[in-house]
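The values are calculated or read from the model by the stated rules, or taken from the named source; none is laboratory data. Computed from a predicted structure; not experimentally measured. We place every Cβ from the backbone using ideal geometry, glycine too, and count neighbours over all the protein chains shown.
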Amino acid sequence: MPLKPVSVSQLNSYIRRILATDPILMNLSVKGEISNLTKHSAGHWYFTLKDETSRISCFLPRERVGTLRYDISEGMELILYGSLSVYERGGSYSVYVRDIDVQGEGSLKIAFENLRKKLEAEGLFDPSVKRPIPAFPKRIGVLTSPTGAAVHDVITTVKRRNPLVDVLVYPCIVQGPDAAASIAEGLSEMNRLFPDLDVIIAGRGGGSAEDLWCFNEETVARAIRASNIPVISAVGHEVDVTIADYAADLRGATPTAAAELAVPHMAALIDTLRLYTPQRLYSNLEAGFENYALTLQRLRDSAEHSIRSLLQEAESRLNLLKNDADLSNPMNVLEKGYAMARKDGSWQDRAAAFRKGDSMDLRFKDGTLVCLVQEVSIHE
């Protein structure tokens, strides 16, 4: 006999409760290929996980997106970790994703290229942002596992090349899901606690692509660029190229190579200094002084030429101004045989300014006449 009918909402609610109590469905790990990836404006991601014959919807909440170790995209092989949930209003179910692992070398290459292109577009790898590595460091920081082979290789190489250099080892995790956060935090703390470090070598020894993946994560690349202290990457073997190598100020193909790049060989420096005998130093100084003397002579000749040109130009301008002033001087007409009339202390240039009986002065080039106006005749 059938049970009493229930509503659709009651049925979906019942299914949700059943799923929520199933230990397998609440702790799923599902393998498949990603497709139909949609990144919602609210920050959530929706996509489909499929195999040869079936598919299932997946939901990645916004708070989990920021914790992903991989920049996923279409066609990648993934393992999802999460739980099965029911959307009661729509009567559909999907995987509620908590974490993601990328499977296969091909998928790892896709994730690598996704992040490399993203950070390159931001200018994170631009040569203009690279910090110079000091030529003669006094104190070097090493960020790596304190028990790995890398730390031994770096310390041995540094001390062999220059035993006077101090080496500070700052331990961090260099493999696994927590490694990227540990490396980023280590870089930040080394800058805060030991700002006098001349350079930081960050890396680890060789391993699989998955072992080295923490150096391909975005948090590590951004922490390298945020460092005030120059960073040399030292990850794996020569063939292993990571995002950290692109972000670093200098790449060391191996931890040993990174130490060689960071510290000049003292013996080679001493041999170079021995080449500079007192006689050679004197010759170099003498040649240097001669070069300086020639340079100073060229500068003096150039300055004298410039000053002469300026004086000639100023003299020409002064002559032009003098000519303009002479042409504008009303007294110059007296030199040509003319006279100038003045009434009540003011120069006059019209007969209409005078009346019969007025007194006026006539100025010639050799003297002045005081005259009395007998008659004024105005020309039409």
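So here's what we get for this one:
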item: Matching entry among Ser85, Ser145 (being more than 27 Å from Cys214 (Cβ to Cβ) and surrounded by 12 or more Cβ atoms within 10 Å (Cβ to Cβ)); result: Ser85
item: Considering residues of the stretch 204-235 that are part of a helix (DSSP H, G or I) and charged (D, E, K, R) only, the residue surrounded by the fewest Cβ atoms within 10 Å (Cβ to Cβ); result: Arg222
item: Residues (in a helix (DSSP H, G or I) and under 16 Å from Arg225 (Cβ atoms)) located in the stretch 163-203; result: Ala180, Ile183, Ala184, Glu185, Gly186, Leu187, Ser188, Met190, Asn191
item: Enumerated strands (runs of 3 or more DSSP E) restricted to the stretch 49-138, each holding at least 2 residues that are in contact (Cβ under 8 Å) with a residue 40 or more places away in the chain; result: 77-87, 92-103
item: Residues satisfying the stated conditions in the stretch 48-66, i.e. over 26 Å from Ala180 (Cα atoms) and loosely packed, with under 14 Cβ neighbours inside 10 Å; result: Asp51, Glu52, Thr53, Ser54, Arg55
item: Yes/no for Thr38 being of a type in the set (S, T, N, Q) and not in a loop (DSSP other than H, G, I, E, B); result: yes
item: Checking Leu11 against (1) farther than 18 Å from Val95 by Cβ; (2) assigned to a strand (DSSP E or B), the condition it does not meet; result: (2)
item: Failed condition for Arg355, given (1) of a type in the set (Lys, Arg); (2) at pLDDT below 85; (3) out of contact with any strand residue (DSSP E or B) (no Cβ under 6 Å at 6 or more places or on another chain); result: (2)
